[in-house]
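Colleague: Below is one structure. I have some questions about it.
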Amino acid sequence: MNALGFIRKLCTRFHALVRELRLRSENRPPFDVEDEHDVRDMVRALLCLEFEDLSMEEWTPPYAGSASRTDFFLKQERIVIVVKKTRQGLGAKEIADQVAIDFQRYSIHPNCHMLLCFIYDPEGRVVNPRRLEANLARESAGRTVEVLIAPK
């Protein structure tokens, strides 16, 4: 399996992992994923299993006067991975706005050829995730954006 295939598999099966971690033996407290930081920590741990050159929170070139940090950067594969978790106030419209800004930012990143946005939506706040994924996917000037929303 190639790098992109591994990342897609990780994202699409992420919710199954979260469910498994809630079921603990001997009355131990569950591992809960409460916010975006928890999602990011779990994704980082899983990516480290496959990629030794994983960089975290690399600064991107400034866009519209401000710089930003990526969540994860795979330099050899030239893939930037951004992780988001839906919550009150971060639904489909806000995600679309953020992905548009992210695309503009990473389109000038010298080593990024692909931006993959993983949106973890455990409460199902995105009504039609497949349509949103299709609407946000794009390719321009050798740069690709792919959005994966899970679970569906």
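Colleague: Which pairs have Cβ atoms under 9 Å, sit 6 or more apart or on different chains, and link a residue in the range 137-152 that is over 22 Å from ARG87 (Cα atoms) and in contact (Cβ under 8 Å) with a residue 12 or more places away in the chain to one that is exposed (fewer than 15 other Cβ atoms within 10 Å of the Cβ) and of a type in the set (Asp, Glu)?
Modeller: So the pair list comes out as VAL145/GLU139.
Colleague: Follow-up. Can ARG22 be described as surrounded by fewer than 16 Cβ atoms within 10 Å (Cβ to Cβ) and at pLDDT below 95?
Modeller: Working: surrounded by fewer than 16 Cβ atoms within 10 Å (Cβ to Cβ): yes; at pLDDT below 95: yes.
Considered against the rule, which asks whether it is surrounded by fewer than 16 Cβ atoms within 10 Å (Cβ to Cβ) and at pLDDT below 95, ARG22 comes out as yes.
Colleague: Checking the structure you have, find out if any residue of the range 98-114 is closer than 20 Å to ASN2 by Cβ and outside any loop (DSSP other than H, G, I, E, B).
Modeller: We begin by selecting, within the range 98-114, every residue closer than 20 Å to ASN2 by Cβ; these are 111-114.
With the extra rule that they be outside any loop (DSSP other than H, G, I, E, B), the set shrinks to 114.
Scanning the range 98-114, I find at least one residue that is closer than 20 Å to ASN2 by Cβ and outside any loop (DSSP other than H, G, I, E, B), so the answer is yes.
Colleague: Being of a type in the set (A, V, I, L, M) and in contact with a helix residue (DSSP H, G or I) (Cβ under 7 Å, 6 or more places away or on another chain) is the filter; apply it to the range 96-126 and report the residue that is modelled with the lowest pLDDT.
Modeller: Restricting attention to the range 96-126, the residues satisfying the condition of being of a type in the set (A, V, I, L, M) are 96, 99-101, 108, 114-116, 119, 126.
From what's left, in contact with a helix residue (DSSP H, G or I) (Cβ under 7 Å, 6 or more places away or on another chain): 96, 99, 115-116, 119, 126.
Details: ALA96: 94, VAL99: 91, LEU115: 95, LEU116: 97, ILE119: 97, VAL126: 97.
Ranking the qualifying residues of the range 96-126, first place goes to VAL99.
Colleague: For residues that are touching a residue at least 60 places away in the same chain (Cβ under 8 Å), within 16 Å of ARG138 (Cα to Cα) and acidic (Asp, Glu), tally how many sit in the range 77-127.
Modeller: Restricting attention to the range 77-127, the residues satisfying the condition of being touching a residue at least 60 places away in the same chain (Cβ under 8 Å) are 77, 79, 81, 114, 116, 118, 120, 122.
Of the ones still in play, those that are also within 16 Å of ARG138 (Cα to Cα) are 79, 81, 114, 116, 118.
Adding the requirement that they be acidic (Asp, Glu) leaves none.
Qualifying residue count for the region: 0.
Colleague: Scan the range 30-46 for residues that are more than 13 Å from the chain's Cα centre (by Cα) and in a helix (DSSP H, G or I) and jot them down.
Modeller: ALA45
Colleague: I need the full set of residues from the range 115-133 which are part of a helix (DSSP H, G or I) and farther than 21 Å from ILE7 by Cβ, in order please.
Modeller: Start the filter on the range 115-133 by keeping residues that are part of a helix (DSSP H, G or I), which leaves 129-133.
Correct list: ARG131 only.
Colleague: How do the pairs read when you match residues in the range 1-27 that are among the charged types (D, E, K, R) with residues anywhere that are outside any loop (DSSP other than H, G, I, E, B) and surrounded by 16 or more Cβ atoms within 10 Å (Cβ to Cβ), using Cβ under 9 Å and keeping only pairs 6 or more apart or on different chains?
Modeller: Final answer for the pair search is ARG8/LEU116; ARG8/GLU146; ARG8/LEU148; ARG13/ALA150.
Residue by residue, here is whether (1) farther than 22 Å from ARG13 by Cβ; (2) exposed (fewer than 12 other Cβ atoms within 10 Å of the Cβ); (3) polar (S, T, N, Q); (4) under 14 Å from the mean Cα position of the chain (by Cα) holds:
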residue: GLN98; (1), (2), (3), (4): yes, no, yes, yes
residue: ASN111; (1), (2), (3), (4): yes, no, yes, no
residue: LEU115; (1), (2), (3), (4): no, no, no, yes
residue: ILE119; (1), (2), (3), (4): no, no, no, yes
residue: ARG125; (1), (2), (3), (4): no, no, no, no
residue: GLU139; (1), (2), (3), (4): yes, yes, no, no
residue: GLY142; (1), (2), (3), (4): yes, yes, no, no
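The values are calculated or read from the model by the stated rules, or taken from the named source; none is laboratory data. A quick note: this is a predicted structure, and the numbers were derived from the prediction, not measured. Reconstructed Cβ throughout: ideal geometry from the backbone, glycine too, with neighbour counts over all protein chains shown.
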